[in-house]
Amino acid sequence: MADNQEAAEHGGLHVVRTEADGVVVLSLRGEIDHQNAGAITRAAPPADSTAGHRVVVDLSQVTFMDSSGINALIAVHQSAQAARGWLRLAGAQGPVLRTVQLVGLDTIVTCHPTVQDALAR
């Protein structure tokens with residue numbers, strides 16, 4: 001799947017960035033809170049880049065996410081949308097899925113059960 005891979009640890013959040021067929025996949029593991037949510041936006045493609053405006057965020061290994069994580073995902077969504085791309089979420093479950101649904105993020109960003117499903121659509 002991965003053409004290349006970068007990994008970073010940010011205060012309890014492990015971020016792995018891979019690219020496949022022009023889609024950036026951010027695989028997150030751990031907890032997302034105000035101390036480390038910025039790692040998501042830093043790992044996403046910059047708004048002024050010419051490629052990579054299609055982004056899948058894999059939340060399957062995220063055990064907690066507060067409003068800081070939601071705000072980071074909204075920022076990635078807005079950046080991708082401004083570049084005529086998209087953001088898709090994959091694998092959210094339990095309390096993380098509940099948070100996504102509670103704030104209505106699932107009404108503006110499509111959610112998929114797996115990364116493979118998100119990449120296939």
Amide H contacts under 5 Å for Val56, placed H, 5+ residues apart: Val24, Val25, Leu26, Arg88
Compute and list, largest first, the equivalent-ellipsoid semi-axes of the chain from the alpha carbon gyration tensor, each √(5λ) rounded to a whole angstrom. 19, 16, 14
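Let me have the 222 nm mean residue ellipticity of the chain computed from DSSP H runs of 4+ only, each contributing -39500 (n - 2.57), with the sum over all residues rounded to the nearest 500.
Per the formula, -8500 deg cm²/dmol.
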In terms of the Cα gyration tensor, with a ≥ b ≥ c the square roots of its eigenvalues, is region 68-107 rounded because a/c is under 1.5, prolate because a/b exceeds b/c, or oblate? prolate
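Taken together, the values in this text are just the output of simple stated rules run on the coordinates, not laboratory data. In this text the structure is predicted, and so the values were computed from the model without any measurement.
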